[in-house]
Amino acid sequence: MVGPAVVNGDLRDLPHVPPGPKIDRPLLKPGLHGTGARTESEETPAFPQLQSLLAKVFPPVPNMPPPLLTFDGIDSAQSFCGCIPPDTIGDVGPNHYVETTNVAIKIFDKSGNTLLASVPFDTFFGPLGGPSPCGTGLNQGDPYSFYDHLADRWVVSDFAFASFGGNPSYECVGVSQTSDPVAGGWFLYAVLVDPTEANDYPKAAMWNNPTPGGAYHFTYNMWADFSTFTGVKVQALDRGAMLAGTPNPTVISFKVPLAGLTPDIAYSFVPAGFRTGNPPPAGRDEFLLAVRSGTLPGPGTFSDVLGWLFHVDFANPGNSTLGIGPDHSANAFIAVNTFTEAWIGNFSFSIVPQQGTSSLLDTLGDKIMTPVVYQNRNGTESLWADQTTILNYPNGPTAVSWYQFDVTGGTFPAAAAQQQEWTNGNDGLWRFMPSLAVDQNGNMAIGYATSSSSIFPGIRYAGRLENDPPNNLGQGEAVMTDGVGSQPANRWGDYSMTTIDPSDGMTFWHANEYYSSGWKTRIGKFDFQGGGGSPTPTPTATATATATSTPTPRSTPSPRPRPTPFPRPTP
């Protein structure tokens, strides 16, 4: 790790760094040549059929309150590159909202007023200077930003390299010196990810172990070039050292090769983070989730979610472990209801219709989305996760599939504790690009994009109270932002972000994309009480209360021949 470069001044006073060349990256996906057999039944299980029937008899009750506030975030004109998609992400703290997109950072107060106008990452990380590409105008995007609520600090990152493969790739990481991300100073680091391969689609989370300082975990899809996927890399960065501005903090890295990602090539790992409830117990290993990416002719139809345990020891790095065996294979295959990934044909994710155009939007429908939420509450440890799936393949629409996994004691379960393929009563809308959060009372909400041939792409959210009947977003759906235009290009979002306000542990904040003469982002907040509503929302009794799901645990798959990566065509 290079750094830190210490920024003691105000970000508004940073000298401008001229941007270097930006690399246009296609949407990349590993896969197989040929026809390849699917590994799970393609039949729809009986339980979702029952859910669908009950939804028609008992339509959803829209109890979800409207947003308390929405405001525009970064748009394509402020992004310094006009990159598509925006890679929308952000988080809320006690006094600020920090948003990052390709390739910029912007900071607001919690009323939506701009405190820091959009700044390019080349300028933000410019104080690092050479020799890393982070400080020499070669920041390429795929940002991530979050609030570290245990330390009252901010973390911002993106990746940098001179070329996609064939050169060193770095993750550029900034850790604020104080709770003020505008004027309180930063420690800037450049983390070498690989000397020759590119680190695509990085995701990050904060974990409080190993004690005393904890770790910042990052995951990457690794590519030798645009056509050669080589595996998944996982890194743990010494959080305590970075918060203190210590030079050259320890980095522990593992690479999961193709042999450890079979069957059907799992990729795009997402590390778990937490905001509400008790912190993970001392010694608790980090949890990572992924789904299989599917192979040609595709899409994949599966009935499991894969889990990895990441044990980190900064004092004795050789004691650190990831997964099982020398190939770092998954620790668990968690049984879930059978789902079909939301892509078609020759690895095409462009399937979501829009009003008034034949242009279709991308779903990223072969991966767990960020964040994976850990909550330790009332003696139960849970992971919450979601993804985009497709119904009635290939006709659609897409749906948001969400899961709760009981990981009490630090082990993965045989099957999901609860789950749902959310369609809001099969209303025909396409829902995709989801992100979820869980409040201090165990209530969960998901924000996502919506579209169809009769509406412009917009932003909605849905939720459930802890005591709602299981396997259902019992509070229904609300509109955060109605769409006002359709995007001519296919790439959309890449990800969105839902987080919990640390000030009250109950307010949800969501950032996502919409379109109006170029892409725009919208940031909104909502809760389950609404403006001046009852402080204790009432759980919704629905017909799904007795229709609980008990998936059959999946047997361990037989080893398969090592797959050959195959790129997705450029949109």
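The values are calculated or read from the model by the stated rules, or taken from the named source; none is laboratory data. Here the structure is a predicted model, which is why all the values come from computation and not from measurement. Using ideal geometry, Cβ is built from the backbone for each residue, glycine included, and neighbour counts are taken over all protein chains shown. When the accessible area is computed, the model is the full protein with side chains, heavy atoms only, and any ligands, DNA or RNA have been set aside. Shrake-Rupley method; radii C 1.70, N 1.55, O 1.52, S 1.80 Å.
Taking 0.36 nm per residue of sequence separation and removing the Cα-Cα distance, the Asp72/Ala259 pair yields an extension gain of 62.9 nm.
Across segment 258-404, the convex hull enclosing all Cα atoms gives 139 Å³ per residue.
With the simple spin-label model, which puts each label point 7 Å out from Cα in the Cβ direction, the Asn8 to Ser163 separation comes to 4.1 nm. The phi-based Karplus calculation (6.51 cos²θ - 1.76 cosθ + 1.60; θ = phi - 60°) puts the 3J(HN,Hα) values of segment 281-287 at x, 4, x, 5, 5, 5, 9 Hz, whole numbers, x for Gly and Pro. The alpha carbon centroids of segment 201-262 and segment 479-520 are separated by 27 Å.
First check a/c for segment 425-500, with a ≥ b ≥ c the square roots of the eigenvalues of its C-alpha gyration tensor; if it is under 1.5, answer rounded, and if not, answer prolate when a/b is larger than b/c or oblate otherwise.
Prolate is the answer for segment 425-500, as a/c is 1.5 or above and a/b outweighs b/c.
Each of Met506, Met242 has its accessible area taken with a 1.4 Å probe; listed largest first, they run Met506, Met242. Label positions at Thr408 and Val484, each projected 7 Å from the Cα along the C-beta direction, are separated by 4.9 nm. Here segment 267-329 exposes an accessible surface that is 53 percent carbon and sulfur, computed with a 1.4 Å probe and the other protein chains kept in place. Shape verdict for segment 403-456, please, from the Cα gyration tensor: rounded (a/c under 1.5), prolate (a/b greater than b/c) or oblate. Prolate, because a/c is 1.5 or more and a/b exceeds b/c. At the residue level, His16 shows approximately 130 square angstrom of accessible surface with a 1.4 angstrom probe and all protein chains present. Name the shape class, rounded, prolate or oblate, that the alpha-carbon gyration tensor gives for segment 188-284, where a ≥ b ≥ c are the square roots of its eigenvalues, rounded holds for a/c under 1.5, and otherwise prolate holds if a/b is larger than b/c and oblate otherwise. Because a/c hits 1.5 or more and a/b fails to exceed b/c, segment 188-284 counts as oblate.
Count the DSSP beta bridges whose two residues both fall in the chain, then state the antiparallel fraction as a percent rounded to the nearest 5. Can you show the working numbers first?
On the way: 143 of 148 bridges.
Once the DSSP bridges in the chain are tallied, antiparallel ones form about 95 percent.
3J(HN,Hα) along segment 107-122: 10, 10, 7, 7, 9, x, 7, 6, 9, 10, 4, 3, 10, x, 4, 4 Hz, from the Karplus curve 6.51 cos²θ - 1.76 cosθ + 1.60 with θ = phi - 60°, whole Hz, x for Gly and Pro. A value for P(r) over Cα pairs in 20 Å bins from 0, in percent was derived from the coordinates, and within the list (1) 14, 30, 28, 19, 8, 1, 0; (2) 23, 61, 16, 0; (3) 15, 38, 33, 11, 2, 0 it appears as (2). When you work out D = kT/(6 pi eta Rh) for segment 337-381 at 37 °C and 0.692 mPa s, using the Kirkwood radius from C-alpha pairs as Rh and the Stokes-Einstein form, the result is 244 µm²/s. Over the chain, dividing the summed -39,500 (n - 2.57) contributions of all DSSP H runs of at least 4 residues by the number of residues returns a 222 nm mean residue ellipticity of -1000 deg cm²/dmol.
The string of couplings for segment 506-518 from the Karplus curve (6.51, -1.76, 1.60, θ = phi - 60°) is 10, 8, 8, 10, 9, 10, 7, 9, 9, 10, 7, 6, x Hz, one whole number per residue in order, with x for Gly and Pro.
The Cα center of segment 319-361 and the Cα center of segment 123-196 differ in position by 27 Å. When all protein chains stay in place and ligands, DNA and RNA are ignored, the 1.4 Å accessible-area order of Leu429, Leu436, largest first, is Leu429, Leu436.
Pulled fully out, how much extra length does the chain show between Gln529 and Ser227, if you take 0.36 nm times their separation in residues and subtract their Cα-Cα distance?
Result: 103.8 nm gained on full extension.
Taking 7 Å steps out from each Cα toward its Cβ at Ala282 and Thr538 produces label points 4.6 nm apart. With 0.36 nm allotted per residue and the present C-alpha distance subtracted, the Asp152-Gln355 stretch has 68.8 nm of extension available. Summary value for segment 361-491: 19 percent relative contact order, contacts being C-alpha pairs under 8 angstrom separated by 6+ residues. The H on the amide N of Leu69, modeled in the peptide plane, is under 5 Å from the matching H of Lys525, each at least 5 residues off or on a different chain. Taking all protein chains into account, the per residue accessible area for the chain stands at 32 Å² (1.4 Å probe).
Sorted largest first by accessible area at a 1.4 angstrom probe radius, with every protein chain in place, the residues Cys172, Cys83 fall in the order Cys83, Cys172.
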